[in-house]
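Working notes, structure below.
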């Protein structure tokens, strides 16, 4: 059959002896397997504050819902190439999640649009490490997430994550050139990243480096102990609301077998006029219960603004694993505001200095 | 190779011994097969009315074009988990189809955006039935579609489908919690669904339940006979144009071997000021012709407004199956308006009380 | 397991004996393999002009980043059916690329939205050729691209491609009906296409055919020689800026073994008031260097407007193939403007009659 209609469904130009005429990159491809993967996670979430409460079905109470494609090619001589495309989606509606074109506030895209907003990278790696280009999470976010027993998902997410003031690149950055240390470094691990705001030069404004920045992370692991520090700086023109962002965080973890403890410290600053600095901490614990997990975290994030507004949070969760890929989970959280803060949970709202509580009951399925 | 660059292209945090430090849900996944599926359906459609006509290439004259991913995991003990993600797309342009965030008119998304607008669900099932969470078609739509020989696709689609006044959840609802009866119930089948509008409380408005509703369906099959009834109620604040929607429909089918007959009755009401009620019926027949199908339907949908505006439709189609997965089809339809109605077919327009006719010539390929 | 929960995760209607009641096209599908394919291509691009310069990470310096799904079904008797869905994406941000609903300027969609913008087609083919319906590249673009050693990608792209005045269907058209000659025609190849603007009739405007047009291409190959000509005409209402577009181009290629030479001539006109005509040429050479490639092109595109504005370009590139699927590449280009033209490279800007230069350093991975 294939020889009967040879050019059919090849690239259009293959309809005839066009191979002598032009070449498209695709005709010479020797295909290899592509891995498709994803998560479908949905939660019945309840939030209550002093002024309103809300019940909703929402996505990603335990892990962000996603669909991804990735692949890997051994190039010989210890060299490898690969790609990773990962889209976030919202399971309760089937819609997408926001991306950002230029690491600047005006580059944010509609949250309804599906894109490879979580990761779009191509990599080259050998024994000296990995060069990774595209859109990815920032080194400072990776470190921050690693200290959160709730992994930045659901009502239990620790405060320095939920309230982060770090702007468009708090979690991810586009236009990134990254380098990761190789795996086998006697326990050391780390990465450096440089990302571009891509503003055109010659405008004569202080904002021509808006969205351009760098991030780095270094850590090590010895036996049951690991620790890592990360930092980033991203340039923005100074306004009353925003300016250059500096992030530093450091964390450590120890696995006592019956419990894995994590501790983290965070310092985020925005060089607006006047500048704002927020500091936070996380103390987390994950207790294995058979194949299940009991999770706890206390966290705080506050600022030195007038009144010292700050929010403290207690998070408690249980993950009941039906299999390695499928879990039911329940999470409860409580926040206490002071100094004029008014953080509320799961879409509720609360008055300044009032508390809020929330609960998640959900299901996660990895595929 | 894999051991030479072990952490490469694992999740970023796996670049080193980070496993003692944090856990991501993805590292412990034992993968299973994901099914990709879809339909590519394109039609040359012609419509003519008293004031204009239109020729166009459009998508989905026999079945809506779609791409989906779904998977299934046996959890042991009769328990299973699964996911289903299905995006609609328009084959003539490659663009997407509209979704809805909150089951309310203002939650509609751009029709150009691809999303998992057709279905985004995660399920847990055992012998007692299936719990299904996410975005899915409503029970009342499922029943309505089952009575339409043209399956709600193309110029032949029966009137109560085309002109439905049931608003944003006429076909699908987001934020849904559904339960399906198990398969093996001596011929009984059915489902109940509850879906959330997710408006925040405490606003003091009658609209705080906008988009919140429920739907249900119950049916049975005995030998060649089947029948089912469905209903739904979705709350909306009352305005001149819109209000709480109530849907009821009931249908039956009998397979006489040489023809499968369906009959359906529909009653949809909108509690606007003043309220609107529309009633409709469908009589359908599908004749197997070898491996092909000849389809016929007469349908009507009208209201008790001044003048009794109503539209009657005759639909006739032939599906020529090149294989089980690929078909050519031709459909013709004719509508007659009365009482001031002005329904036209395939993008044409017609004056009140004038008729319209349309034709589809298309190809469908399932994959 | 499957028999324990038979209806689970089938289409919703399969939850019970609904098969006697309705039929969905999907339940009778015998699945076949779907090929997923794609390209991840990212470039560090630098552009400099007389008024500004820019460094950016951008996508597709060697080949446009894409993800696609395609499939093929042998229908017996020499007949085959297939589909092809291909989305463009931007690797540096993970976002999408613009599409167009109606081949008209107002039908352009947001460049952030992922869709099957590159190709969405369903086909039927046999020994007499291929019938292809949906969205695809136009015949005149295919010919134009085939004469460009840089394949319309990156800073080296030849001038008649970059500056094309051919409007919304310069590259692709939606709502297309195409026919391709069969493969085995003693060296002849070609295609004809008709595409619809889908404006409704009866509006009484001269624009009712806006976006409707046709395109065709015919070529042949003998030994190491190939040549092809293509043309298209797309109707638009005449304004000061735009009007009916006519495109003609012709090219030839000869493979001297040590170098493959291409030559092309282009004539594009827009029937605006006053009308605009641009003519261009390309001379290209691709030298195989082991498994690598050295590419060169000189190109020009200009018009007979007052002052004869024109742009000449020199492009030079090297593709270092790490494997058949993975390549590193470097490209440099230089443009010289005259007659008031101000074309600049890679996002830079330059004053009229000033030059611009640019460079790409990138990596492409096919999967």
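The values are calculated or read from the model by the stated rules, or taken from the named source; none is laboratory data. Nothing here was measured: the structure is a model prediction, and the numbers come from that model. Positions of Cβ are generated from backbone atoms using ideal geometry, with glycine treated the same way; all protein chains shown enter the neighbour counts.
Is at least one residue of the stretch C:158-165 at the interface with chain A (Cβ under 9 Å from one of its Cβ atoms), crowded, with 24+ Cβ neighbours inside 10 Å and more than 13 Å from the chain's Cα centre (by Cα)? No: zero hits. Against the conditions (1) farther than 24 Å from residue B:134 by Cβ; (2) surrounded by fewer than 17 Cβ atoms within 10 Å (Cβ to Cβ), where does residue B:255 fall short? Just the number, please. It is condition (2) that residue B:255 fails. Within the stretch A:280-308, the set of residues being under 21 Å from residue A:149 (Cβ atoms) and part of a loop (DSSP other than H, G, I, E, B) comprises A:290, A:291. Of all residues in the stretch B:145-159, those that are in contact with a helix residue (DSSP H, G or I) (Cβ under 8 Å, 6 or more places away or on another chain) and within 12 Å of residue B:283 (Cβ to Cβ) total 1. Residues of the stretch A:227-241 include none that is in a strand (DSSP E or B) and either modelled with pLDDT under 95 or on the phi > 0 side of the Ramachandran plot (or both). Being buried (at least 24 other Cβ atoms within 10 Å of the Cβ), within 13 Å of chain B (Cβ to nearest Cβ), free of Cβ contacts under 8 Å to residues at least 60 places away in the same chain and touching a strand residue (DSSP E or B) at 6+ places or on another chain (Cβ under 9 Å) is a description that does not apply to residue A:187. Within the set C:163, C:159, C:130, C:198, the sole residue that is touching a strand residue (DSSP E or B) at 6+ places or on another chain (Cβ under 9 Å) and on the phi > 0 side of the Ramachandran plot turns out to be C:198. Would you confirm, using the coordinates I've provided, whether residue B:197 is part of a strand (DSSP E or B) and under 28 Å from residue A:93 (Cα atoms)? The answer is no for residue B:197.
I'd like to know if the stretch A:309-322 contains one or more residues that are closer than 26 Å to residue A:222 by Cα and in a strand (DSSP E or B).
Checked against the condition, which is being closer than 26 Å to residue A:222 by Cα and in a strand (DSSP E or B), the stretch A:309-322 yields no hits at all.
Would you confirm, using the coordinates I've provided, whether residue B:123 is under 22 Å from residue A:66 (Cα atoms), over 13 Å from the mean Cα position of the chain (by Cα) and part of a loop (DSSP other than H, G, I, E, B)? Here the answer is no, as residue B:123 does not meet what is asked. Search the stretch C:347-362 for residues being closer than 15 Å to residue C:156 by Cα and within 11 Å of another protein chain (Cβ to nearest Cβ), and hand back the single one that is surrounded by the fewest Cβ atoms within 10 Å (Cβ to Cβ). Only one residue fits best here, namely C:361.
Selection of strands (runs of 3 or more DSSP E) fully inside the stretch A:53-116 by the criterion of at least 2 residues being over 30 Å from residue C:324 (Cα atoms) and within 7 Å of another protein chain (Cβ to nearest Cβ) returns A:53-59. Whenever a residue of the stretch A:48-77 is on the phi > 0 side of the Ramachandran plot and touching a residue at least 12 places away in the same chain (Cβ under 8 Å), its partners that are in a strand (DSSP E or B) and crowded, with 20+ Cβ neighbours inside 10 Å, lying with C-beta atoms within less than 9 angstrom and at least six residues away or across chains, give the pairs A:60/A:39; A:60/A:41; A:60/A:42; A:60/A:43; A:60/A:66; A:60/A:88; A:60/A:362; A:60/A:364.
Kindly indicate whether any position in the stretch A:345-364 is out of contact with any strand residue (DSSP E or B) (no Cβ under 7 Å at 6 or more places or on another chain), assigned to a strand (DSSP E or B) and modelled with pLDDT of 95 or more.
For the stretch A:345-364, residues out of contact with any strand residue (DSSP E or B) (no Cβ under 7 Å at 6 or more places or on another chain), assigned to a strand (DSSP E or B) and modelled with pLDDT of 95 or more: absent.
From the list B:181, B:205, B:218, B:131, the one residue that fits, being modelled with pLDDT under 95 and either away from chain C (no Cβ under 14 Å) or under 30 Å from residue B:73 (Cβ atoms) (or both), is B:205. When you go through (1) surrounded by 20 or more Cβ atoms within 10 Å (Cβ to Cβ); (2) closer than 30 Å to residue A:104 by Cβ one by one for residue A:248, which number turns out not to apply? Unmet for residue A:248, out of (1) surrounded by 20 or more Cβ atoms within 10 Å (Cβ to Cβ); (2) closer than 30 Å to residue A:104 by Cβ: (1). State whether one or more residues within the stretch C:267-279 are within 18 Å of residue C:227 (Cα to Cα) and in a strand (DSSP E or B). So far as the stretch C:267-279 goes, yes, one or more of its residues are within 18 Å of residue C:227 (Cα to Cα) and in a strand (DSSP E or B).
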